[in-house]
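Everything below concerns the one structure shown next.
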Amino acid sequence: MEHIFTDEEYQIWRLMAQAMNAMLKARQRELARYNISPRQAAVLLISEATSGQVTPYQMAKWVVREHHTILELVKRMERDGLVKRVPREDRKGAVRITLTEKGTKVHHETMKFESLHRVLTVLSKEERQQLFSILKKLRNEALVQIGVSPKFPFPPL
């Protein structure tokens with residue numbers, strides 16, 4: 001049996017995890033000045049991109065999280081005055097997530113993605129396109145492995 005630290009697949013997985021964790025920490029530092037987390041920034045982004053028509057269930061699928069996790073996050077953000085849960089007219093008990101004035105302001109301030117830009121500029125345009133294609137393949141197969149269709153309620157990419 002091959003030692004885990006010399007296994008190629010494990011090495012790729014660890015490297016992807018380390019890169020993602022480091023980029024997430026850089027994004028956390030960037031967002032700290034606005035007192036929000038990367039997950040909160042994602043909620044603001046998705047809500048704005050869908051013109052406030054996204055449900056917590058759809059958002060959970062988009063960010064590959066559990067529905068209850070997103071619902072709790074949205075509740076905290078509502079208490080902080082960033083978003084509002086608005087009842088849907090077409091489904092009893094269902095809500096959609098809309099930005100408040102404060103949420104819209106914070107969203108626009110956090111859309112610079114300076115840390116992400118600094119990291120990704122080490123790659124050429126061709127390398128970024130290759131990385132995008134590879135990561136999309138990996139994401140789609142991982143979704144299939146966990147029983148989630150790669151076809152989302154609305155296209156993330």
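Computed quantities for the displayed model
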item	result
Between the range 5-31 and the range 36-98, the alpha-carbon center distance in angstrom	27
Anisotropy class of the range 36-116 from Cα gyration tensor, a/c 1.5 cut	prolate
³J(HN,Hα), Karplus 6.51/-1.76/1.60, whole Hz, each residue of the range 53-58, x for Gly, Pro	9, 7, 9, x, 4, 4
For Phe113, Phe132, order by how many other beta-carbon atoms lie within 10 Å, fewest first	Phe132, Phe113
Dipole of the range 1-140, positive direction: furthest Cα of Phe113, Gly81, Ala26, with charges on the beta-carbon	Gly81
All aspartates and glutamates inside 17 Å of Lys25 as judged from Cα atoms, apart from same-chain residues fewer than 8 positions distant	Glu114
Stokes-Einstein translational diffusion, the chain - Kirkwood Rh over all Cα pairs, 1.306 mPa s, 10 °C, in µm²/s	90
Ranked by how many other beta carbons lie within 10 Å on average, peptides 16-25, 63-72 from highest	63-72, 16-25
Sequence-distant lysines (8 or more away, or on other chains) whose Cα lies within less than 23 Å of Lys75	Lys61, Lys84, Lys92, Lys102, Lys105
Using alpha-carbon coordinates, inclination of helix 67-79 to the longest axis of the chain, degrees	50
Relative contact order, percent, the chain [alpha-carbon distance under 8 Å, six or more residues apart]	21
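A short reminder: the numbers here are calculations on the coordinates, not readings from a lab. Since the model is a prediction, treat every value here as computed from it, not as a measurement. Here the Cβ is made from the backbone with ideal geometry for all residues, glycine too, and neighbour counts use every protein chain on show.
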